[in-house]
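Here the structure is laid out as structure tokens; the discussion comes afterwards.
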């Protein structure tokens, strides 16, 4: 069973973010980066399926040279090999960092010839949070897909997945293979890379390609672009209700109803 896990590198969660001088993106010079947490759960799902049914896990990542650190982490945790789509892009420029369609096109092109049985992605990225790349990638690859998946079970000729819906409801879906699923965060206990895994990662294959190698053109002119990035203004808006406590409570209730809070 060949399993592909798409991973992304994002700024660490405790990063102190500052707006760049261009006003179009954040200042990246002093940031540290880590594997996108939802993608870490997708990787864990892939590794558990491999341990249960055999096969290989291929980590797929697009980004600049620095994402090699995240790829090495995936290999150290148990992925067998990796593809690094090397793509440099700048703040405010159309490209895979800003546009889920451009990202999906790169990933789809990188998978040409791989013929995976299952493609796994995280539900969304911690930085931009579009939650669209997996669904678009499934469309480009012509695969059935499911999102919000909390459990994957191998069945004869396919898989059975459990999807988390609203209000505590779950949906069970039978899917043929090959397929693409987006894994819900928090469904597994994430493993740590062992010392032996870190050593083995140094010898595992990482195929590096560029968009030009894949024959993928740059992002189209109407691609998603950031025009301005800014912090929300801080304002103080307080209102004091006069009268007795009963009168103040009545005024507050009327205000909340007017604002459609209740």
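The values are calculated or read from the model by the stated rules, or taken from the named source; none is laboratory data. These figures come from a predicted structure and were not determined experimentally. Heads up, the Cβs are rebuilt from the backbone with ideal geometry, glycines too, and the neighbour counts pull from every protein chain shown.
Can residue 226 be described as under 23 Å from the mean Cα position of the chain (by Cα), outside any strand (DSSP E or B) and surrounded by fewer than 17 Cβ atoms within 10 Å (Cβ to Cβ)?
The answer is yes for residue 226.
Among the residues in region 137-146, are any more than 30 Å from residue 212 (Cα to Cα) and modelled with pLDDT of 95 or more?
Among the residues of region 137-146, at least one is more than 30 Å from residue 212 (Cα to Cα) and modelled with pLDDT of 95 or more, which makes the answer yes.
Say we look at region 115-136 and pick out the residues that are over 9 Å from the mean Cα position of the chain (by Cα) and either at pLDDT 95 or above or part of a helix (DSSP H, G or I) (or both); which of these is farthest from residue 45 (Cα to Cα)?
By that ranking, first place goes to 136.
Please state which of the following conditions residue 192 fails to meet, knowing it meets all the rest: (1) touching a helix residue (DSSP H, G or I) at 6+ places or on another chain (Cβ under 6 Å); (2) under 21 Å from residue 3 (Cα atoms); (3) part of a loop (DSSP other than H, G, I, E, B).
(1)
Check off (1) part of a loop (DSSP other than H, G, I, E, B); (2) closer than 30 Å to residue 87 by Cα; (3) more than 24 Å from the chain's Cα centre (by Cα) for residue 234 and give me the number that stays unchecked.
Every condition holds for residue 234 apart from (2).
Tally up the residues in region 159-178 that are under 10 Å from residue 118 (Cβ atoms) and in a strand (DSSP E or B), please.
First pass over region 159-178, keeping only residues under 10 Å from residue 118 (Cβ atoms): 159, 175, 177-178.
If we keep only those that are in a strand (DSSP E or B) too, we end up with 159, 175.
Looking only at that region, the number is 2.
If you take the residues in region 153-185 that are in contact with a helix residue (DSSP H, G or I) (Cβ under 7 Å, 6 or more places away or on another chain) and at pLDDT below 95, which one is farthest from residue 121 (Cα to Cα)? Working first, answer last.
Going through region 153-185, the residues in contact with a helix residue (DSSP H, G or I) (Cβ under 7 Å, 6 or more places away or on another chain) turn out to be 154, 180, 182-183, 185.
Cutting the leftovers down to at pLDDT below 95 gives us 154, 185.
Working: 154: 17, 185: 11 Å.
Checked region 153-185; the qualifying residue farthest from residue 121 (Cα to Cα) is 154.
Under 6 Å between Cβ atoms, which residue pairs at least 6 apart in sequence (or on different chains) link something in region 64-76 that is surrounded by 17 or more Cβ atoms within 10 Å (Cβ to Cβ) with a partner that is in a helix (DSSP H, G or I)?
72/201; 74/43; 75/201; 76/197; 76/198; 76/201
Quick check on region 1-58: of everything there that is out of contact with any strand residue (DSSP E or B) (no Cβ under 9 Å at 6 or more places or on another chain) and either within 24 Å of residue 77 (Cα to Cα) or at pLDDT 95 or above (or both), which residue is surrounded by the most Cβ atoms within 10 Å (Cβ to Cβ)?
Looking only at region 1-58, we keep the residues that are out of contact with any strand residue (DSSP E or B) (no Cβ under 9 Å at 6 or more places or on another chain), and these are 14, 16, 21-24, 29-30, 51, 54.
Filter once more, keeping what is either within 24 Å of residue 77 (Cα to Cα) or at pLDDT 95 or above (or both): 14, 51, 54.
Numbers: 14: 6, 51: 11, 54: 8.
Among those that are out of contact with any strand residue (DSSP E or B) (no Cβ under 9 Å at 6 or more places or on another chain) and either within 24 Å of residue 77 (Cα to Cα) or at pLDDT 95 or above (or both), it is 51.
Condition first: in a strand (DSSP E or B) and in contact with a strand residue (DSSP E or B) (Cβ under 9 Å, 6 or more places away or on another chain). Can you find one or more residues in region 199-206 that meet it?
Checking region 199-206: at least one residue is in a strand (DSSP E or B) and in contact with a strand residue (DSSP E or B) (Cβ under 9 Å, 6 or more places away or on another chain).
Could you pull out every one of the strands (runs of 3 or more DSSP E) wholly within region 1-111 that has 1 or more residues that are over 19 Å from residue 211 (Cα atoms) and over 17 Å from the mean Cα position of the chain (by Cα)?
Hits in region 1-111: 2-7, 56-63, 81-86.
Exactly one of these conditions fails for residue 215: (1) free of Cβ contacts under 8 Å to residues at least 24 places away in the same chain; (2) exposed (fewer than 10 other Cβ atoms within 10 Å of the Cβ). Give me its number.
Going through (1) free of Cβ contacts under 8 Å to residues at least 24 places away in the same chain; (2) exposed (fewer than 10 other Cβ atoms within 10 Å of the Cβ) one by one, residue 215 breaks only (1).
Without any contact (Cβ under 8 Å) to a residue 60 or more places away in the chain, in contact with a strand residue (DSSP E or B) (Cβ under 7 Å, 6 or more places away or on another chain) and exposed (fewer than 15 other Cβ atoms within 10 Å of the Cβ), is that true of residue 157?
When the stated conditions are applied, residue 157 passes them.
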